[in-house]
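Below is one structure, written out as structure tokens; the observations come after it.
The values are calculated or read from the model by the stated rules, or taken from the named source; none is laboratory data. Quantities reported herein were computed from a predicted structural model and do not represent experimental measurements. Cβ sites come from the backbone with ideal geometry, for glycine too, and all protein chains shown count toward neighbours. All accessible areas refer to the heavy atoms of the entire protein, side chains included, with ligands and DNA or RNA removed. Shrake-Rupley method; radii C 1.70, N 1.55, O 1.52, S 1.80 Å.
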Amino acid sequence: MAAAYCGRQLALWGAEVVTLEPAGGSPLRQLGPHASVGGRTESISLLWQYVAASKRALDLETAAPDPDSMIELLEATDLLIVDREDTALVSRDLSLRTLHERLPHLVIVSVTPFGLEGPFAQLEASELTVQAMSGYAHFNGDPDRAPLKAPGHMLAYTSGVAACVGGLAALVGQMKTGHGRIVDVSEADSLSTMLPLLRCEYTGVHPQRLGGPNTGVRAFPCRDGFVTFVPPEPEQMAEYSAVLGVAADEWPDTEGLEPVERRFHLVPFLIERTAKKEVDEIFYGLLDRGIVCGKVATPDDLLRDTHLNERGLFRPVQDERLGPIRMPGAAMHMSRTPAVAFGPAPQQTERLHGHDLGWAPRAQPPAGVAPTDGPLAGVKVLDATQAWVGPFAAMLLADLGADMIKIESHLRPDVWRRSSVNPVAVTNVRADLVNSSPNYNSTNRNKRSLCLNLKTDAAKEIFRKLVAESDVVMENFTPRVMDRFGLGYGELSRINPRVVMASMSGYGKTGPLAEYKANGTSIEAMAGWDHLHRYEGAPPMVMGFYQADAITGYQMAAGTLVALLHQRRNGHGQAVEGSMYEAAAGYIGDILLEAQLGEVETPVGNRDADMAPNGIYPALGEDRWLAISVPNDGSWQAVVAVVGDERLAQPRFSTLAGRRAGEAEIDAILGEWSRGLEAYDTMTTLQAAAVPAGVVRTTEEIFACDHLDARQWFRTIDHADMGTHRYNGSPFRVIGFDRPPDLPPPMLGEHGHDLLRERLGYAKVEIEVLFETGVTGRVVARDAETPEQARSSRAAMLSENQEKP
């Protein structure tokens, strides 16, 4: 599914994407959710309709029956996407490295559960076991119940977008050098990349599962649904009182409580109050007062949503069997090259020889040594983003070699420069806050910092000079902020017609919600994730750590690279504008198709429509869990043999339908069996029987992971204020990229002098005036401390401020 979704992303923007299917067709054609047509005589996979939209499908044995014909087909191909099922290459005595040697122009993107190399590379895997082994599952669910997987197939799709980022970057590099690359994408790495691991690394404190983020945001019941918000800070009590109808003396006494304790102490009281109100009364009441709030939407709500429909997310598709349907489209809108019209998924494979596609052979790269720098080397980017979604997207490009300048104000820095896990505006700019935040430092490596107070004309002029020599400008302010600075796309394109300006905000620049604030948790509610993220029979549950920010950040990076590739091909810049809301809705696109056709079968909890059992079971020890998936009847027989319980050997469990009907009974038996067994030993036993199984790993286990060490995933970085620590790695490895040492996350304004002098040619006296007049600035350390003292005091500060459950 991840590889298929990578191809879908490319098809959205006009690439001619051809799926090579084995005899009998792609296995994805059989997977749910399903719709029935023809009086329920034919069941159609809506997953296939979604991931294969606008693609063509060729019968592999006809299109490329032998090695020579496979090479002939790939000679005319720009990009090859492969997943773990690479038997088509092996049976033809081909490998990825062989293809790279014989076809040096070809970009190859490999998408596998754990990557091409490392101890886990050959493990049997499912979406559930990947979430478990990556550390993702540990963050989600109730503390006294099994961890909870993400809804539907959204994290497989997330890995597909990460793969698309790597592939697009390699295509941009190919435009410069003529050489292709092999991009090794691990689905588990794609998920681990998003985890808040640096906070654990800085403090030594590892998170517990809390039923939602430790900021206290929860799904609060209303008369007609649920809303999500963070319990009020003391300075917000008046606004919450006005919306909820609470008198000042009715609030529970929270004097003396730590911030996290205080928030959780307020939750029961808030539940009593929200239950008396309607959703929109609270939703718009808080938003109108500048407080982020989400409302928990169902898939049907999304299809009817005025904002999404005004923004044009849903694109009409005429399918021969399903009739007219609306398909979620691209997450980003492009001013010059809008997304192409959708076509339906191919019903059957075409029996053509590869040369019958009419594709001309691609030009081979010039003779010489293949490049060892990053595929985005030479690409100049201005990063004017803040918080998570934008900086994360920009860091992905920086990790791939882009020259990245971080622009922020020294008077009002990036809000994530605060050490708190619930960022607030920085009003007292202190080095121990702005340079030591694990939030900020986790998303801003490989960038250089230049502070500009864009309220001044001189700072705007500096920004314009930088734009004149830049390829990309990225920003994620609320709408019209850049226009108010006089630095909107119209002005930037006048300065540099080739510039790409990528903008992403919570709801986008247009539509009825455009002016409202959003964050990861509010978008998760709005996009239907929370509605689907729950235990069976239980209410909606907020996800564990604001993950929608990073998940939609992958989409921002992909959209930026699509526009950059167009710029490289045609010399034209454009505005790329998107919203977290649209991006998040697309990650449950198959479920939205299911809702349109009125046959909802998507299971909640850890179950899966196509695998039974599919669950997370207790293991020996406190909060120890094991994920097990059974993808077919053969795997089930292997489970029966390993467990050795006669109750599982009943004939009624021999088919998927029978196991789904008896899943509660099967889960109870498996849980009884696994409870007294060590998690890793049991995983090893099941893996030896070719059953997908994986331990739900904690953050401590991620840091001690031999597989990640073998893949050199962690990036060891020495930061002047914080010392040497391990930082999250990336979803992709570009084979042959001789990665230089990472630049540490910049101290505020750290590179201002150098950038003004070297990049723009300012003289020393001119730079001094810019600092003296507040046009630019720098905050690197407290004057009274040596670097060693600064590191010690910052570590102490972080430990004191670590928000404990």
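Of all residues in segment 25-76, how many are farther than 23 Å from Glu127 by Cα, in contact with a helix residue (DSSP H, G or I) (Cβ under 7 Å, 6 or more places away or on another chain), of a type outside the set (A, V, I, L, M, F, W, C) and open to solvent by less than 40 Å² (accessible area, probe 1.4 Å)?
Adding up the residues that qualify gives 3.
Could you list, ordered by first residue, the pairs with Cβ atoms under 7 Å in which the first is in segment 254-275 and within 16 Å of Gln236 (Cβ to Cβ) and the second is open to solvent by less than 60 Å² (accessible area, probe 1.4 Å) and hydroxyl-bearing (Ser, Thr, Tyr), at least 6 apart or interchain?
Filtered contacts from segment 254-275: Arg262/Thr254; Arg263/Thr215; His265/Thr254; Leu266/Thr254.
Would you check if Leu195 is open to solvent by less than 30 Å² (accessible area, probe 1.4 Å), under 30 Å from Pro744 (Cα atoms) and not polar (S, T, N, Q)? It would help to see each step written out before you state the result.
Working: open to solvent by less than 30 Å² (accessible area, probe 1.4 Å): yes; under 30 Å from Pro744 (Cα atoms): yes; not polar (S, T, N, Q): yes.
Answer is yes for this residue.
Any residue in segment 708-720 that is more than 25 Å from Ser436 (Cα to Cα) sitting within a Cβ distance under 7 Å of a residue that is open to solvent by less than 50 Å² (accessible area, probe 1.4 Å) and in a loop (DSSP other than H, G, I, E, B)? List the pairs, counting only those 6 or more apart or interchain.
Leu708/Phe714; Ala710/Gly118; Arg711/Gly115; Arg711/Gly118
Since Glu124 meets every condition but one in (1) touching a Gly at 6+ places or on another chain (Cβ under 7 Å); (2) over 28 Å from Pro375 (Cβ atoms), which condition does it not meet?
(1)
Would segment 145-168 turn up any residue that is modelled with pLDDT of 95 or more and open to solvent by 30 Å² or more (accessible area, probe 1.4 Å)?
yes
Identify all residues within segment 169-187 that are at pLDDT 95 or above, open to solvent by 10 Å² or more (accessible area, probe 1.4 Å) and in contact with a Gly (Cβ under 7 Å, 6 or more places away or on another chain); write none if there are none.
Gln174, Arg181
Here are some conditions: (1) among the hydrophobic types (A, V, I, L, M, F, W, C); (2) in a helix (DSSP H, G or I); (3) more than 21 Å from Thr193 (Cα to Cα). Val691 meets all but one. Which one does it not meet?
Just one mismatch for Val691, condition (2).
Is it the case, given these coordinates, that Asp667 is more than 30 Å from Tyr727 (Cα to Cα), among the acidic types (Asp, Glu), surrounded by fewer than 16 Cβ atoms within 10 Å (Cβ to Cβ) and over 30 Å from the mean Cα position of the chain (by Cα)? Break it down into steps so the answer makes sense when it comes.
Working: more than 30 Å from Tyr727 (Cα to Cα): yes; among the acidic types (Asp, Glu): yes; surrounded by fewer than 16 Cβ atoms within 10 Å (Cβ to Cβ): no; over 30 Å from the mean Cα position of the chain (by Cα): yes.
Here the answer is no, as Asp667 does not meet what is asked.
Report yes if Arg534 is within 20 Å of Val227 (Cβ to Cβ), of a type in the set (Lys, Arg) and either in contact with a His (Cβ under 8 Å, 6 or more places away or on another chain) or surrounded by fewer than 24 Cβ atoms within 10 Å (Cβ to Cβ) (or both), otherwise no.
Yes: the conditions hold for Arg534.
Wholly within segment 272-373, which strands (runs of 3 or more DSSP E) include no fewer than the required count, namely at least 1 residues that are among the polar types (S, T, N, Q), in contact with a Cys (Cβ under 6 Å, 6 or more places away or on another chain) and loosely packed, with under 13 Cβ neighbours inside 10 Å?
By residue number, no strands (runs of 3 or more DSSP E) qualify.
Given the conditions (1) touching a residue at least 24 places away in the same chain (Cβ under 8 Å); (2) among the small types (Gly, Ala, Ser); (3) surrounded by fewer than 20 Cβ atoms within 10 Å (Cβ to Cβ), and given that Gly488 satisfies all but one, which numbered condition is not satisfied?
Every condition holds for Gly488 apart from (1).
Among (1) open to solvent by less than 30 Å² (accessible area, probe 1.4 Å); (2) of a type in the set (D, E, K, R); (3) touching a strand residue (DSSP E or B) at 6+ places or on another chain (Cβ under 7 Å); (4) within 30 Å of Gln555 (Cβ to Cβ), where does Asp83 come up short?
Condition not satisfied by Asp83: (1).
How many of the residues making up segment 5-24 are on the phi < 0 side of the Ramachandran plot and open to solvent by 40 Å² or more (accessible area, probe 1.4 Å)?
From segment 5-24, those on the phi < 0 side of the Ramachandran plot are 5-13, 15-23; that's our starting set.
If we keep only those that are open to solvent by 40 Å² or more (accessible area, probe 1.4 Å) as well, we get 13, 15-16, 20, 22-23.
Residues in segment 5-24 being on the phi < 0 side of the Ramachandran plot and open to solvent by 40 Å² or more (accessible area, probe 1.4 Å): 6 in total.
Could you identify the single residue in Glu201, Glu235 that is part of a helix (DSSP H, G or I), surrounded by fewer than 17 Cβ atoms within 10 Å (Cβ to Cβ) and either out of contact with any His (no Cβ under 7 Å at 6 or more places or on another chain) or not small (Gly, Ala, Ser) (or both)?
Working: Glu201 fails: surrounded by fewer than 17 Cβ atoms within 10 Å (Cβ to Cβ).
After applying the criteria, what remains is Glu235.
Given (1) open to solvent by 10 Å² or more (accessible area, probe 1.4 Å); (2) hydrophobic (A, V, I, L, M, F, W, C); (3) touching a residue at least 24 places away in the same chain (Cβ under 8 Å), where does Val639 come up short, assuming only one miss?
(1)
Of everything in segment 581-611, what is over 30 Å from Ala693 (Cβ atoms) and not small (Gly, Ala, Ser)? Give them in sequence order.
Scanning segment 581-611 gives Tyr581, Glu582, Leu592, Leu593, Gln596, Leu597, Glu599.
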